[in-house]
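Contents: one structure, followed by commentary.
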Amino acid sequence: MAEKDPTDRNAFSVRGLTKTYGEGHSAVHALRGVDLDLPKGEIVVLLGPSGSGKSTLLNILGGLDRATSGTASFEGRELTTMSDPELTRYRRDHVGFVFQFYNLMPSLTAFENVELVTEISENPMEPGEALRLVGLAERQQHFPAQLSGGEQQRVAIARAVAKQPNVLFCDEPTGALDSTTGRAVLRVLRDVNQELGTTVLIVTHAAATAQMADRVLHFADGAIRDVVLNEIKLDPSEIEW
Ligand SMILES: Nc1ncnc2c1ncn2[C@@H]1O[C@H](COP(=O)(O)OP(=O)(O)OP(=O)(O)O)[C@@H](O)[C@H]1O
């Protein structure tokens, strides 16, 4: 029997990926050659010092930035050779983003903020269903200013998952939150992963977040120095911050 195509089980396969910003003396080598296979359905946490390349990799895999050399494929489809419209379609159909700052529309309710995305998605959840998933069923008609930071982040997560993306990219999702609220947000990310099977990538400086991951990528100086597979994953509520 023919060997199974390894891309079947991988969300991402990355080979020799580099990213250089600028040229000559001012060039910054943000990624110096990354090789990586990420199976579908995992929670992956990216750790490492400031400037080690975590966000750069996230942005390339999320179709927000382009590599300088090397390859990166999503479910067997090469991202590095996609045209701009193809990358836009990839982002629209397959990818959700959650950032440190929630970027909600202040004049729209929680429901309407989520609806903005579901209206333009092909196979969306109901906005109310997405808000239920993040534990905000009762707060749908509230405006961002009437919600706490953690609740606003949960609306942002609902907005990102409502289009049912294959992958959720989270860059410092708990960066602006205290530890209790941060744990509640991590629990929501875990629920999304478990209930929808979404692959979740989290860049964070909160190293304890690694305890809820399937896989932890340790970055240093533009490269992945170590990959750790967790045999035991903690519930976000058990994470010691
Ligand atoms: N648009 C850009 N132009 C020039 N240099 C950039 C740009 N984006 C990132 N860099 C540089 O690339 C390197 C890697 O940055 P990156 O944001 O990926 O690191 P990081 O590990 O995510 O850091 P942090 O934890 O501080 O967010 C840094 O030296 C950064 O200054």
Residue count, region 217-233, condition touching a Leu at 6+ places or on another chain (Cβ under 7 Å) and β-branched (Val, Ile, Thr), comes to 2
Contacts under 6 angstrom Cβ, first residue in region 31-59 being within 22 Å of Val95 (Cα to Cα), partner near the ligand (Cβ under 8 Å from one of its atoms) and polar (S, T, N, Q), 6 or more apart
Leu31/Thr56
Checked pairs for region 181-194, first of a type in the set (Gly, Ala, Ser), second outside any helix (DSSP H, G or I), C-beta under 6 Å and 6 or more apart or across chains, list as Gly182/Thr174
Search result, residues across region 34-64 that are of a type in the set (Gly, Ala, Ser) and within 14 Å of the ligand (Cβ to nearest atom):
Gly48, Ser50, Gly51, Ser52, Gly53, Ser55, Gly62
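FYI, it's all coordinate maths here, none of it is from the lab. Please read these numbers as outputs of a predicted model, since none were measured by experiment. Cβ sites come from the backbone with ideal geometry, for glycine too, and all protein chains shown count toward neighbours.
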